[in-house]
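The values are calculated or read from the model by the stated rules, or taken from the named source; none is laboratory data. Keep in mind that this is a model prediction, so the values were computed, not measured. Here the Cβ positions follow ideal geometry from the backbone for every residue, glycine too, while neighbour counts run over all protein chains shown.
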Number of protein chains: 2
Amino acid sequence: MNESAAPRKRRGSGRATIHDVARLAEVGSITVSRYFTEPGRVAAKRSARIAAAVKELGYVPNLVAGGLASSHGRVIGMVIPNISGPIFAHTIQSFSDTLSRHGYQLLLASSYFSAKQEESAVRAFLGWKPAALVVTGRFHNRATEKLLNTAGIPVVETWDYQPRRKPIQVGYSNHAVGEQAARYLYAKGYRRIAFVQNSVAGDLSAVDRSDGYAAVMREHGLEPRVYVPTAEAPFDAGKQAIEALALGRGKHAEAIIFANDNLAAGALLAGQRAGLKIPEQCAIVGFGDYAFSPLLLPSLTTIRPPGREIGEIAALRILEQLGVLPASTQDSRLNLLACELIERESA
Amino acid sequence: MNESAAPRKRRGSGRATIHDVARLAEVGSITVSRYFTEPGRVAAKRSARIAAAVKELGYVPNLVAGGLASSHGRVIGMVIPNISGPIFAHTIQSFSDTLSRHGYQLLLASSYFSAKQEESAVRAFLGWKPAALVVTGRFHNRATEKLLNTAGIPVVETWDYQPRRKPIQVGYSNHAVGEQAARYLYAKGYRRIAFVQNSVAGDLSAVDRSDGYAAVMREHGLEPRVYVPTAEAPFDAGKQAIEALALGRGKHAEAIIFANDNLAAGALLAGQRAGLKIPEQCAIVGFGDYAFSPLLLPSLTTIRPPGREIGEIAALRILEQLGVLPASTQDSRLNLLACELIERESA
DNA sequence: TTGTAAGCGTTATCAG
DNA sequence: CTGATAACGCTTACAA
């Protein structure tokens, strides 16, 4: 008998529910539900009573229950290779911001460029009945493809763009980026141009870029030269590459395109320390336009991917698919963005 | 009559449920549930049948329904000021990784150093019945405090540490960081030491750092000098600061501590361009150890916050609180980490 | 070890 | 404009 008046419940969180609010406001619980989802359809008098009750009880709608009942949750899952990577962060940020502006929440996981980890992330997300899913790149394993295809929700592939694929894609052509860098150097008069791959296996987008570079080289009757460093750490890998390509006798690349700015920065610093004049003796082009790239001496010529735009446009396309926003006039499956070549001192 | 055999359902996602699996495997649905949550308690024979049925139907457990039934979801919300900021990304990454290793998912939102946005993010998260919540810093508005206090779930404050606060804290003392920088410069013989604030209002942690700096100055009978730039963009603000403090006649700070590495980098580049010798004429200390800091010329002496550790330890403390991991022996409310002063060329 | 019954807190449906 | 009722898909409590 020393129990408090309220009967101890065996289940439940103990927090106020929609029914508690309804009771206090003396309305039906469904009216409270409408108060939150379609405020316009509730009479002003009742709205006021409900508002008061909500405030008094500190009621917060249980979105888990709501999601179950309506079978459409308001979370959107995103799988990104590397959250702390310098380029994906902006995509996450703009994606999350655009979504939350429309009442959706971001569920995030990273794959570290591993198809297996990507699969398990997608599988875990699917259990949350997300309204949509975003993945990075167009390379997935069979199981992931199947999960994505049968999910029955909008799926967007970001950071890559390939004609003739079914899913919505928001990104740019890595092949075109490779071409862009090679053409730029060719136009400047360089002929012995090399390409340095990422030492992180699994970064298949970098392979596309080197293919683009190789295509331009062959187009001009030149021999492509792709170097793949073995060092794990990017700065070290860059150093290793420039030593192999431009330092020492017989090594005389006139210009080098790097798979990313980390590699380029490592090469740039190692090259200078070894007395190599950049860009006079060897020009350097990176990819990514990281925060440090304009600060290097010489500052780094690089190609800037549209990270922020990708996140925002992906979110907009999803919201259109969900009917939250009116469909745009253009074919929303095609979202080919351009990368900007930032001309600085290193090339 | 041309309808397919399966009756069209009015609600539901149409995907296989636990009951479909149970029917196919000829077991009770609760056994399927146990197959996923406590595999050890299901006999091998039935396990095999269930596994086959799961595979055939492509069944993925509905975590929304599970969360509702068990009243404890497996998502954990995190509010961070700036996802794309150079220092928080590592925290997010290590936090997310540690959680997902234990079957929890990360729900992410950003506050942009705005207490109001933080409040709305917390409110939105609460509706998802998260297992725990992580916020950044110890400064929240009243409403957020109340939401956090009455949530009835573990709450962790990261990136700051203040004795005598109730919530679990994982971070470092910004005051101590300010002291650390000032003592370092004092020990090197500098006396006219200034501090440059962040121009982003709302970054209250930087205020703690300047307080720490001021305390050390007064301790040595020196006058603290805190400069607050007005320029919005960090590089510009840094430039503005060094012009005000070290360039031109009568301006002769011997050393400057900056609220972050962005400001310091802006100052460093502007100073050099103006012919200022660093560190001979003016030493510079930053905060954050961003990716570019070791690449600058001169490389930037700075203080490195333990971003990765914060994320991982926060996750571990949460998992302990949830009973997923055994409680650590130490008082888990106290997680004071140290920041490392990275001595480079600029000071 | 397995199963039955009863919720979890919300919204779709349909009737006023 | 408002409300009663029955799902949504799972897990807890309890019984066998």
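Values for this structure:
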item: When residues of the range B:108-122 are limited to those that are buried (at least 23 other Cβ atoms within 10 Å of the Cβ) and within 12 Å of chain A (Cβ to nearest Cβ), the one farthest from B:Leu204 (Cα to Cα); result: B:Leu108
item: B:Arg74, sole failed condition from (1) more than 16 Å from DNA strand C (Cβ to nearest atom); (2) among the charged types (D, E, K, R); (3) under 30 Å from A:His90 (Cα atoms); result: (1)
item: Conditions (1) assigned by TED's automatic domain parsing to the domain that holds B:Ala253; (2) at negative phi; number of the one not met by B:Ala124; result: (1)
item: Residue in the range A:101-114 that is farthest from DNA strand C (Cβ to nearest atom), counting only those that are among the polar types (S, T, N, Q) and part of a loop (DSSP other than H, G, I, E, B); result: A:Ser114
item: Only listed residue being within 30 Å of B:Val170 (Cα to Cα) and not assigned by TED's automatic domain parsing to the domain that holds B:Pro326, chosen from B:Gly77, B:Gly67; result: B:Gly67
item: Tally of residues being away from chain B (no Cβ under 14 Å), touching a Ser or Thr at 6+ places or on another chain (Cβ under 8 Å) and within 18 Å of A:Arg304 (Cα to Cα) across the range A:258-293; result: 4
item: Scope the range B:114-130; condition in contact (Cβ under 8 Å) with a residue 40 or more places away in the chain and out of contact with any helix residue (DSSP H, G or I) (no Cβ under 8 Å at 6 or more places or on another chain); matching residues; result: B:Ser114, B:Phe125, B:Pro130
item: Test: B:Val64 is buried (at least 19 other Cβ atoms within 10 Å of the Cβ), within 12 Å of DNA strand D (Cβ to nearest atom), among the β-branched types (Val, Ile, Thr) and more than 30 Å from B:Glu320 (Cα to Cα); result: no
item: Of the criteria (1) buried (at least 19 other Cβ atoms within 10 Å of the Cβ); (2) not basic (Lys, Arg); (3) not in a loop (DSSP other than H, G, I, E, B), which one B:Ile30 fails; result: (1)
item: Extreme residue, modelled with the highest pLDDT, among residues of the range B:1-23 that are near DNA strand D (Cβ under 10 Å from one of its atoms) and basic (Lys, Arg); result: B:Arg15
item: Pair list, Cβ < 6 Å and 6+ apart or interchain, from the range A:25-41 residues that are touching a residue at least 24 places away in the same chain (Cβ under 8 Å) to residues that are of a type in the set (A, V, I, L, M) and more than 6 Å from DNA strand D (Cβ to nearest atom); result: A:Ala25/A:Ile50; A:Ala25/A:Ala53
item: Candidate set from the range A:10-27 (those that are surrounded by 13 or more Cβ atoms within 10 Å (Cβ to Cβ) and more than 7 Å from DNA strand C (Cβ to nearest atom)); member that is nearest to B:His72 (Cα to Cα); result: A:Ala16
item: Sole residue being closer than 25 Å to A:Pro163 by Cα and part of a helix (DSSP H, G or I), chosen from A:Leu269, A:Leu341, A:Leu316; result: A:Leu316
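Condition check ((1) touching a Phe, Trp or Tyr at 6+ places or on another chain (Cβ under 8 Å); (2) assigned to a helix (DSSP H, G or I); (3) more than 7 Å from chain B (Cβ to nearest Cβ); (4) within 15 Å of DNA strand C (Cβ to nearest atom)) across all residues:
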| residue | (1), (2), (3), (4) |
| --- | --- |
| A:Phe36 | no, yes, yes, yes |
| A:Ala69 | no, yes, yes, yes |
| A:Gly85 | no, no, yes, no |
| A:Leu99 | no, yes, yes, no |
| A:Ala124 | no, yes, no, no |
| A:Lys129 | no, no, no, yes |
